[in-house]
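The block underneath contains the structure these notes are about, expressed in structure tokens.
A short reminder: the numbers here are calculations on the coordinates, not readings from a lab. The shown structure was predicted, so the numbers you read here are calculated from the model rather than taken from an experiment. Cβ placement follows ideal geometry from the backbone for every residue including glycine, while neighbour counts extend to all protein chains displayed.
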């Protein structure tokens with residue numbers, strides 16, 4: 001696993017912020033253990049962002065981008081304009097973003113040609129990606145739970161809050177810069 005720069009040992013920001021919490025703790029937790037926990041929170045944060053993005057793709061492609069109701073899909077009528085697939089379902093316009101098509105075409109595990117990507121393929125691909133992100137989320141949640149348990153109840157709520165705040169502040173900023 002690649003450690004993001006803001007969590008690396010060469011960047012002293014994490015140590016500066018977590019040291020006061022470690023000083024008040026009676027336990028002997030190594031800062032490296034806390035960096036690993038922070039890395040898991042970082043990964044979970046990125047997965048949440050990806051789930052949000054891919055859910056937006058899904059809502060756009062199923063005509064529910066501006067609709068909070070979950071309506072059943074009606075018969076489709078599809079048209080393609082400038083590489084963007086637009087489909088009508090009753091009063092809804094289903095538009096799969098061009099970015100999704102670009103991602104699908106670049107995916108080496110998929111064998112798509114630009115003119116072959118239709119509504120069903122887009123829907124299946126987005127659902128596959130959402131499943132994958134949810135599985136990753138579950139995996140990292142379990143790893144986080146195990147890491148905390150290995151610290152034999154020395155990991156405090158205060159440590160957790162400081163780490164979560166740090167990752168939200170620096171991780172989001174770091175992610176936006178890339």
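Observations
- Shown is the FRET efficiency for residue 165 and residue 109, computed with R0 = 41 Å from the Cβ-Cβ distance and rounded to the nearest 0.05: 0.65.
- Fewest-first ranking of 65, 94, 144, using other Cβ atoms within 10 Å as the exposure measure: 65, 144, 94
- Difference of contour (0.36 nm per residue) and Cα-Cα distance, residue 17 to residue 120: 32.2 nm
- Packing-based exposure ordering (other Cβ within 10 Å, fewest first) of 139, 66: 66, 139
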